[in-house]
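First the structure, in the form of C-alpha cells, and then the observations on it.
The values are calculated or read from the model by the stated rules, or taken from the named source; none is laboratory data. Because the structure is a prediction, the values reported are computed rather than measured. Note that each Cβ is placed from the backbone with ideal geometry, even for glycine, and that neighbours are counted across all protein chains shown. Heads up: the accessible areas ignore ligands, DNA and RNA and are worked out on the full protein's heavy atoms, side chains in. Shrake-Rupley method; radii C 1.70, N 1.55, O 1.52, S 1.80 Å.
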Amino acid sequence: MNVLHIQSSPRGDKSNSIALTNAFLRASRKVLSEINEDVLNVWDENLPEFDAVSIGAKYKAIKHQPLTDAESHTWNRVQELIGRFQRANRIVLGLPMWNFSIPYKLKQLIDLTAQRNYLFTYDGKEYGPRFNIPKALVAYMRGSAYHEDSPIPPSFDHQAPYIDFWLRMIGVHEVRSVVVDNVWNQGRCPISGESGGRQAIRLRDQIAISADGRAA
C-alpha cells in the first residue's frame, strides 16, 4: 500500500501535527507491514512558485502548445508532484491552523497539483474526481478552539471544510478527521509518550487503513 504522508508544518520534531501522523503510521505498521510511505513535507520540497511561468505552462500544456525552457522545467516539477498523488492508495495529512486557515505552503502544493484532468475533471458543467482513493486521515492541530457565541464560532472554520472538500473532489471516498484543540494550553505534544501511543492505536483502529477495507 502506498501512503502519501503530507506534512505541512516546518517545525520538524517539534511539530504536534507531524508527531500525531507519525504515531498513527507507526501503529498502523504493527498490523500492516506493507506500507510504502512517501513523505511530502511542503517546506522541504522547494515547491515552484505558482506564478506567471507556472500558469503559462499550465495553459500551454492543456492546449498541447510548445513550452519555453523555463515553463518545461516548472511543468515537469509539477508533474512529479502530481505523480505522487497518482501513486497513492491512502493519504495521511497533518496540518496546524495558521490564522484560522491552512499553512500557505500547503495551499501552494494544492494550487500546483490540483490541475484539470490530473487531480480532477471538469466538463464545463460539473467537477469530478480523477482518483479512486478509499480513505484519508487528516490531523488538525489548533492553538485554540471554535465555540459558539465567541469571536471564532464553528462557522468561521476555514481549515477543515476546505481540506475535506478538496480531498473528496480529487477522489477520496472517506475522509476521517482528528482535531486537537487548545494545543497551546497543553504545554506538550498531545501525542507523546505512552498515552500518545495508545491514542495513535485507537486512531488506527478507528480509521481502518488496511488495504481490504477492514479495520486494521
Criterion: in contact with a strand residue (DSSP E or B) (Cβ under 7 Å, 6 or more places away or on another chain) and open to solvent by 10 Å² or more (accessible area, probe 1.4 Å) - qualifying residue of Val3, Val39, Val31, Val53: Val39
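Out of all the residues in region 77-109, which are part of a loop (DSSP other than H, G, I, E, B), open to solvent by less than 30 Å² (accessible area, probe 1.4 Å) and free of Cβ contacts under 8 Å to residues at least 12 places away in the same chain? First the steps, then the outcome.
Filtering region 77-109 down to residues part of a loop (DSSP other than H, G, I, E, B) leaves 87-89, 97, 99-100, 102-103.
Still in the list and also open to solvent by less than 30 Å² (accessible area, probe 1.4 Å): 88, 102-103.
Scanning region 77-109 gives no hits.
Within 17 Å of Glu49 (Cβ to Cβ) and surrounded by fewer than 20 Cβ atoms within 10 Å (Cβ to Cβ): is that true of Asp123 in this structure?
On the way: within 17 Å of Glu49 (Cβ to Cβ): no; surrounded by fewer than 20 Cβ atoms within 10 Å (Cβ to Cβ): yes.
Here the answer is no, as Asp123 does not meet what is asked.
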Can you tell which of Leu4, Leu25 is within 26 Å of Trp98 (Cβ to Cβ), modelled with pLDDT of 90 or more and not in a helix (DSSP H, G or I)? Leu4
